[in-house]
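For reference, the structure is listed below as structure tokens.
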Amino acid sequence: MKTALITGGNRGIGRAIAEGLASDHRVVIGVRDPEAGQTAAREMGCEAVPLDLTQPESFELALAEIGGVDVLVNNAGVLIDSNLINDPEGFETSMQVMVRAPYHLIRLCMPHMAQQGWGRIVNLSSGWGAFAEGLEGPGAYGLAKAALNALTHALPRDLPEGIKVNAMCPGWVATRMGGSSAPLTPEQGADTALWLARLPDDGPTGGFFRRRAPIPW
């Protein structure tokens, strides 16, 4: 049974992804709040590890506790509604959580994936991070997602054979971040991520998807 790590997997889209993978994976959710994470893990029948994406020193310890990740879903994100010029701290936090942390988690998961000759990496992005859709959203959110998209697009040239990485936009989902008026459920938002996590050997890599279809960068 393959092991899947979902960052921010205790609620929202991340929780829907964790629940969707639980039928055929060992699922571990990475959580900033250990107590909330353990509660969610018990409810879902999975495992939880403390993983604060703003504290890179926690990454290696969490991965050592897991013991090898086959499917990495970089789901956790932050939406800071502020002025880019006036809020450098918000910029740094956005880039850390949504670009630097995914990069370093990918890097740290790579030895196990390479040894297995198989791995799937799913980066939760957004249409707000697409140049084609205007790099919208508040603060540094769109910029960070655009950088995550660029990382996704560039990584395949340096990944070992058998490892695939893709980004996806879940759409406007009714979560704490998306708000209650959003038209999609977390389960609907998770669908493309679940598809990418289970891609066959001839599946795509280095792409950007919404509703299981490619979308422009």
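Summary table below
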item	result
Residues within region 45-59 that are at negative phi and not in a helix (DSSP H, G or I), tallied	10
Whichever residue in region 163-184 is touching a residue at least 24 places away in the same chain (Cβ under 8 Å) and farther than 16 Å from Leu79 by Cβ and, among such residues, is farthest from the chain's Cα centre (by Cα)	Ile163
Whichever residue in region 121-167 is polar (S, T, N, Q) and assigned to a strand (DSSP E or B) and, among such residues, is farthest from Asn83 (Cα to Cα)	Asn166
Cross-chain or 6+ apart pairs with Cβ under 7 Å, region 1-30 first and farther than 21 Å from Gly179 by Cβ, then among the hydroxyl-bearing types (Ser, Thr, Tyr)	His25/Thr3; Arg26/Thr3; Val28/Thr3; Gly30/Thr7
Qualifying residue in region 125-136 (condition: under 14 Å from the mean Cα position of the chain (by Cα) and hydroxyl-bearing (Ser, Thr, Tyr))	yes
Verdict on Gly67 being among the small types (Gly, Ala, Ser), farther than 16 Å from Arg120 by Cα and buried (at least 23 other Cβ atoms within 10 Å of the Cβ)	no
Count of region 4-53 residues which are surrounded by 18 or more Cβ atoms within 10 Å (Cβ to Cβ) and of a type in the set (Ser, Thr, Tyr)	1
So Ala76, is it surrounded by 17 or more Cβ atoms within 10 Å (Cβ to Cβ), among the aliphatic types (A, V, I, L, M), at pLDDT 95 or above and under 27 Å from Trp118 (Cβ atoms)	yes
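Quick grid of which residues meet (1) within 28 Å of Gly137 (Cα to Cα); (2) assigned to a loop (DSSP other than H, G, I, E, B); (3) out of contact with any strand residue (DSSP E or B) (no Cβ under 9 Å at 6 or more places or on another chain); (4) not polar (S, T, N, Q):
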site: Leu5; (1), (2), (3), (4): yes, no, no, yes
site: Glu43; (1), (2), (3), (4): no, no, yes, yes
site: Ala76; (1), (2), (3), (4): yes, yes, no, yes
site: Phe91; (1), (2), (3), (4): yes, no, yes, yes
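The values are calculated or read from the model by the stated rules, or taken from the named source; none is laboratory data. This one's a predicted model, so the numbers in the text were calculated from it and none came from an experiment. Note that we place each Cβ from the backbone using ideal geometry, even for glycine, and neighbour counts take in every protein chain shown.
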